[in-house]
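Data first, discussion second: the structure below is written as structure tokens.
The values are calculated or read from the model by the stated rules, or taken from the named source; none is laboratory data. Keep in mind the model is a prediction, meaning the values are calculated, not measured. Using ideal geometry, Cβ is built from the backbone for each residue, glycine included, and neighbour counts are taken over all protein chains shown. Surface areas here come from the heavy atoms of the whole protein model, side chains and all, with no ligands, DNA or RNA. Shrake-Rupley method; radii C 1.70, N 1.55, O 1.52, S 1.80 Å.
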Amino acid sequence: MNSRFLILILVILHMAPGNAGAQDPRERTYMYPVPTPHHEAKPPVEGWARQRVIEKLDRGVTVTRLEDGRIYLSWRLLAEDPADISFHLYREEAGKKAVRISRRPVATTTDFIDNGAPKERDISYTLRPVVGGKEGEPSERVTILASSQPQSYRSIRFRGEYRPQRIAVADLNGDGKLDFVIRQPDRGIDPGGQPDRTGLTYKIEAYLHDGTFLWQKDLGPGIEPGVWYAPFVVYDLDGDGKAEVAVKTGPADAREADGRVRSGPEWCSVLNGMTGEEITRIDWPARSPRFGDYNRNNRNQMGIACLDGKTPFLLVARGTYKLMVVDAWQLKEGNLKPAWHWDGDEENPVIRHQGAHNMHAADVDGDGRDEIILGSVVLDDNGTALWSTGLGHPDKCFVTDIDPERPGLEIFYALEDWHDNGNGICLVDARTGEILWGVGRKTFHVGDGMVADILPEVPGLECFASEDPKGGSREKYLLSAKGELLATGDKVPECRNWIWWDADKVRETIVTPGWQNSMWDRFETREISIAKYQGDTLTTDIEGSVILMADIEGDWREELITILPGEMRIYRTTIPATDRRVTLLQDPFYRNQVIHRSMGYEQSPIPSFYLGEE
């Protein structure tokens, strides 16, 4: 008996009465939690690393001048720090000996306010760790100029008045500071829309932490402008402490007269992060009628996963709505070496049409190796299907410890496909794919979602989602981690752009008045604020449009990166902390989501552990 026929028998046996999928004109979906048998036995992957590759980070010290002239300092707590570590801070004026400004070692938080900072001189700060009563080596020195104005951001200028569409953060030169790789300009098209006829080409640019320009690479006319044509990720793939840039590339002569690229080679190129020079390239998974039409053929993604629990593997993927294909590679001795190839049989109803608009890598089964959450289907670390819900294509999915009262991780889905069975918004067990609860009512096209602790009196993370009007409904839903419906309609917050900003563990919303005229041309708002859900506004006067929120410097709370024409601003909180925790960037899953934010649709990153009020 062949495997396809066996799968069809399993489908019939597991479909409960009344659970037949709603008919979408584009795709038929199947809705049942059916485990997917492995088509073939594959051995575990073994990479070149002997221990997990961990990003080297410095203290990430930041200094901000407050409105009253005082100086607010913030820095990282690292995973390798002893539990009893504390810190002394030193201030240095030009020509003078450094003076300790902390009376006692700072132990409760990793921030400090210098009340005696002189306003008329340039000053520098360092901090020293204190362990067992003894001071260690000083951190990097950070200087604030007497001419600096009170402002809660630092600025990086681009080489022109363009705005980037995506940004990646990684250490390009190995100094422990996060640098920036952007893709510009902020324009693009969708494969399902009209082609670009302007001749626009994307450029990749790299900047050091302090804004020093490194290089630019024009992707050329062989890559159409749009998030699905030009995915890129930035990470240290070979373990030398310096990040590489992996990007989809193509030949210059591939674009046809109408602006489309329908044939010709496509590659995944790995670039030197400091120079932009190509290190190596491999073929991108090939186009095929099996993917469907032009739209479905041009859904491309990239990712990073530690498939052996140690080595960062590069994931190169094609397909979302029908066939899905993923190739895993490791960069070794300057070459990309294949680990495995996964071909999601488009005729298998529990595999077909299950992709999301981004991918996640997380150890969902507790074996120390990363699995790959493609959407409603999850791949095991060896490149075989671990499970699939069969619920179809999710516009958004989030993986974390949503319900801390039950063991393991959960996945929250906001599914685009019509669902009569109440599972268009649902929570599943990340290890098995078992559906834990659904919204319990018919949904038409759930286009957005989020998980965050926004109601501290309700246990666990709240799950909220909104329907896309093009599906015929504008309904919104707010649910508890147990699936209890807490609110609908206008009482439900917007799903996008949440940030840890103040002193507690409840996440705040980034309020961006206005709207985007097009998903592919970012609407620039200049009145951003940060507020509690149904509560106070904490910070105002933030300018630009949101491109990233992530814990990239300072203490564990997140920075907000916005873009304006020709400029990137990194806003940071100056609200005094009340506790401390290890930088979120050292949580592998949180870091993985920050990596993946440079491709696909944008989602607020979340850690692998429960981060909310107890």
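What the table shows:
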item	result
Looking only at the stretch 535-570, and only at residues there that are surrounded by fewer than 21 Cβ atoms within 10 Å (Cβ to Cβ) and without any contact (Cβ under 8 Å) to a residue 40 or more places away in the chain, the one that is farthest from Tyr207 (Cα to Cα)	Gly535
Residue within the stretch 571-586 that is in a helix (DSSP H, G or I) and either open to solvent by 10 Å² or more (accessible area, probe 1.4 Å) or closer than 22 Å to Val247 by Cα (or both) present	yes
Qualifying residue in the stretch 544-563 (condition: touching a helix residue (DSSP H, G or I) at 6+ places or on another chain (Cβ under 9 Å) and in a strand (DSSP E or B))	yes
Which numbered condition Glu224 misses (of (1) of a type in the set (D, E, K, R); (2) in contact with a strand residue (DSSP E or B) (Cβ under 9 Å, 6 or more places away or on another chain); (3) open to solvent by less than 50 Å² (accessible area, probe 1.4 Å))	(2)
Scan of the stretch 130-155 for residues that are farther than 18 Å from Arg65 by Cα, open to solvent by less than 30 Å² (accessible area, probe 1.4 Å) and not in a loop (DSSP other than H, G, I, E, B), ordered by number	Val130
Members of the stretch 306-347 found to be polar (S, T, N, Q) and surrounded by 21 or more Cβ atoms within 10 Å (Cβ to Cβ), listed by number	Thr311, Thr320, Gln330
Single residue of the stretch 407-450 satisfying the filter (free of Cβ contacts under 8 Å to residues at least 24 places away in the same chain and open to solvent by 30 Å² or more (accessible area, probe 1.4 Å)) that is nearest to the chain's Cα centre (by Cα)	Pro407
Count of the stretch 64-113 residues which are farther than 21 Å from Leu584 by Cβ and of a type in the set (A, V, I, L, M)	8
Which listed residue is at pLDDT 95 or above and surrounded by fewer than 18 Cβ atoms within 10 Å (Cβ to Cβ), from Pro231, Pro251	Pro251
Residue match in the stretch 348-356 (condition: closer than 20 Å to Arg52 by Cβ, touching a Phe, Trp or Tyr at 6+ places or on another chain (Cβ under 9 Å) and open to solvent by less than 20 Å² (accessible area, probe 1.4 Å))	no
Search result, residues across the stretch 189-218 that are open to solvent by 10 Å² or more (accessible area, probe 1.4 Å), in contact with a Phe, Trp or Tyr (Cβ under 8 Å, 6 or more places away or on another chain) and within 23 Å of Cys268 (Cβ to Cβ)	Ile189, Asp190, Leu214, Asp218
Strands (runs of 3 or more DSSP E) lying entirely in the stretch 197-312 (those with 1 or more residues that are within 20 Å of the chain's Cα centre (by Cα) and not hydrophobic (A, V, I, L, M, F, W, C))	203-207, 232-235, 244-249, 300-305
Test: Val594 is more than 16 Å from the chain's Cα centre (by Cα) and closer than 15 Å to Gly60 by Cβ	no
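Matching residues to (1) assigned to a strand (DSSP E or B); (2) over 36 Å from the mean Cα position of the chain (by Cα); (3) within 28 Å of Thr539 (Cα to Cα):
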| site | (1), (2), (3) |
| --- | --- |
| Asp58 | no, no, yes |
| Arg76 | no, no, yes |
| Pro82 | no, no, no |
| Glu92 | yes, yes, no |
| Lys97 | no, yes, no |
| Ile113 | yes, no, yes |
| Glu120 | no, yes, yes |
| Arg128 | yes, no, no |
